[in-house]
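Structure in structure tokens, see below.
The values are calculated or read from the model by the stated rules, or taken from the named source; none is laboratory data. This is a predicted model, so every value here is computed, not measured. Methodologically, a virtual Cβ is constructed for each residue, glycine included, from the backbone with ideal geometry; neighbour enumeration extends over all protein chains shown. These area figures cover heavy atoms from the full protein model, side chains too; ligands, DNA and RNA do not enter into them. Shrake-Rupley method; radii C 1.70, N 1.55, O 1.52, S 1.80 Å.
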Amino acid sequence: MNKLTSRIDKERLALGIAAPLLAVVAALVVTALVILATGKNPGAAFSDMMSYGFASDSQVYILNKATTYYLAGIAVAVGFRMNLFNIGVDGQYRLAAFIAAVLGGALAVPGWIAIPLIMICAMATGALWAAIAGVLKVTRGVSEVIATIMLNSIATAVIGYLLQPERLGELQQGGTLVSTEPLPSSSFFFSVDTGPAGVLDGFIVVAVIVGLAYWFVLGRTRFGFDLRTVGQSESAAAASGVSVKRMVATSMIISGAVAGLIGMPTLLNESHQYDNSFPTGIGFTGIAIALLGRNNPIGIALGALLWGFLERTTNHLEFQGYDKEILGVIQGVIVLCVVIAYEVVRRYGLKRQQQRVGAELAAQAAAPTKKQEVA
């Protein structure tokens, strides 16, 4: 049995390596074909992407983007581990950033007090907004997909209504931009000036802490075990004494709290206010990154870095004469290839494991028979 376990573990490791490699190769082939179809040379495009993407200023840009994308991926992954599809991450982080910006602009306290208050406000807003979908699901059976889609639209409407000069907004830059009151300089999060390469957002430290907390809570605590159990089988979890409804609601709240942090790198490190130019759609990017990373904190980090790399390099390709739509094509192809590759490898690994276990059990069953024949 030990030999069987060792053999299965080695195969699992090999399959774990094979899945991303297969996905990358397939994505490169399909992307090359797409570039060829536009009449361009894919070899030159890939070479240009690599040289530009690994420049020092590009690396800082990618890390800053990856910080935001990583938080989005973790927020989505919390729901995925519970078999919940939290599409509302986009609305949760935008509403949280808006409310936090309003609070931050009104605070007149030292930065070491203001910054934690802004972050707590953002997490609480995101958690409360996500809790609506969680409560609707456990009390009325409303699908979290439908509920969060509607909540995204409501969040957009609420922000649009409140972000007006006569309400919580004010005119900036000669009356061309409406924003919340800017944060005082004491509320700026720390950053690292890397010289010509640019400024690295200090919020990357918070993203690392969130990733470690995600890994520890879900992988090393009873709560994380219950959460994963409910996600795999609600009936088995209920039979073991776990409150399924409570876990569903709690998971949505945690996912929303993490979503509340998504806008903080932009608010605390870059714009220092919420306005109409605040980035949107990051919640949907988080879904793709969580799928790429297979809900693993390290995998999500790699997915976030890849997404930032693609965004940086494909935007550069546009100036080199390539079609600007190439970014969306590459991103979509990569997500599809990763999902398909992991599913193919998973099914193959399951089949191989069943065959090996069956062969081992058959051999053990045949051994007593041979002994009896010899006797």
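For the chain, which longest stretch is free of loop sites, where a loop site is one of the GluC sites (Glu not before Pro) that DSSP puts outside H, G, I, E and B and that has at most 13 other Cβ atoms within 10 Å?
The answer is 1-165.
Please state the relative contact order of the chain as a whole percent: Cα pairs under 8 Å, 6+ residues apart?
The normalised contact order for the chain reaches 32 percent.
To the nearest 10 Å², what's I209's accessible area with a 1.4 Å probe?
About 100 Å², ignoring ligands and nucleic acids.
Of the accessible area of the chain, with the probe set at 1.4 angstrom, what percent is carbon plus sulfur?
C and S atoms contribute 65 percent here.
Now, a different point. Using a cut-off of 13 Å between beta-carbons, work out the net charge of the residues near S51 (Lys and Arg +1, Asp and Glu -1, S51 not included).
That sum, taken over residues with Cβ under 13 Å, equals -1.
Turning to a different aspect of this structure: If F225, F188, F319 are ordered by their accessible area, calculated over protein heavy atoms with a 1.4 Å probe, which sequence runs from highest to lowest?
So, going from the largest accessible area down, we get F319, F225, F188.
Ordering W307, W112 from largest to smallest accessible area (1.4 angstrom probe), what's the sequence?
Descending order: W112, W307.
Where does region 1-150 land on the Kirkwood hydrodynamic radius, alpha-carbon pairs, in angstrom?
Averaging 1/r across every pair of different Cα atoms and inverting gives 20.2 Å.
Give me D for region 126-178 in µm² s⁻¹, whole number, from Stokes-Einstein with Rh from the Kirkwood sum over alpha-carbon pairs, 20 °C and 1.002 mPa s.
The estimated diffusion coefficient comes to 167 µm²/s.
Any idea what % of Cα-Cα pairs in region 160-308 are farther than 26 Å?
44 percent
Please enumerate, by chain and number, the aspartates and glutamates with C-alpha under 17 Å from the C-alpha of K137, excluding those fewer than 8 residues away in the same chain.
Cα-Cα hits under 17 Å: E234.
Using protein chains only and a probe of 1.4 angstrom, how many square angstrom of R294 are accessible, to the nearest 10?
Using a 1.4 Å probe on the heavy atoms, I get roughly 110 Å².
Mean Kyte-Doolittle of at least 0.0 and a Cα length of 20 Å or more along the axis: which whole DSSP H helices of the chain meet both?
Passing helices, by number: 2-37, 56-81, 89-106, 111-140, 144-162, 204-220, 244-260, 297-319, 326-374.
Using helices alone, what [θ] at 222 nm do you get for the chain, with -39,500 (n - 2.57) per DSSP H run of 4 or more residues, divided over all residues and rounded to the nearest 500?
-25500 deg cm²/dmol
Moving on. So what is the diffusion coefficient of region 46-134 in µm² per second by Stokes-Einstein at 25 °C and 0.890 mPa s, using a Kirkwood Rh over Cα pairs?
It comes out at roughly 160 µm²/s.
Hey, with R₀ at 25 Å, roughly what FRET efficiency would A157 and I120 work out to, going by the Cβ-Cβ distance, to 0.05?
0.50
Could you run the Debye sum over the Cα atoms of region 309-364, one equal point scatterer each and no solvent, and tell me log10 of I(q)/I(0) at q = 0.12, 0.18, 0.29, 0.30 Å⁻¹, two decimals?
Debye intensities relative to I(0), on a log10 scale: -0.50, -0.69, -1.02, -1.05.
Report the equivalent ellipsoid semi-axes for region 120-242 in whole Å, largest first, defined as the square roots of five times the eigenvalues of the gyration tensor built from alpha carbon atoms.
37, 26, 11
Give me the base-10 log of I(q)/I(0) for region 163-211 at each q in 0.14, 0.17 Å⁻¹, Debye formula, one uniform scatterer per Cα, rounded to two decimals.
Taking Cα atoms of region 163-211 as identical point scatterers yields -0.61, -0.76.
log10 I(q)/I(0), Debye, Cα-only region 246-344, no solvent, q = 0.11, 0.15, 0.17, 0.25 Å⁻¹?
Here log10 of I(q) over I(0) equals -0.44, -0.79, -0.97, -1.31.
Quick one: what Rg and Dmax do you get for region 22-91 from the alpha carbons, in Å?
16.9, 45
Follow-up. Could you give the length gained on full extension between V217 and L177, defined as 0.36 nm per residue of separation minus the Cα-Cα distance, in nm?
10.2 nm
Right, next: Return the equivalent ellipsoid semi-axes of the chain as a descending list in whole Å, where each equals the square root of 5 times an eigenvalue of the C-alpha gyration tensor.
Equivalent-ellipsoid dimensions as semi-axes: 42, 29, 18 Å.
What is the ratio of the Cα radius of gyration of region 286-333 to 2.2 N^0.38 Å, where N is its residue count, to two decimals?
Dividing the Cα Rg of region 286-333 by 2.2 N^0.38 Å gives 1.24.
Give the share of C-alpha pairs in each 5 angstrom bin for region 88-164, from 0 to the last occupied bin, in whole percents, shortest bins first.
Result returned by the calculation: 3, 17, 23, 20, 16, 11, 7, 3, 1, 0.
Note down the accessible area of M50, probe 1.4 Å, to the nearest 10 Å².
100 Å²
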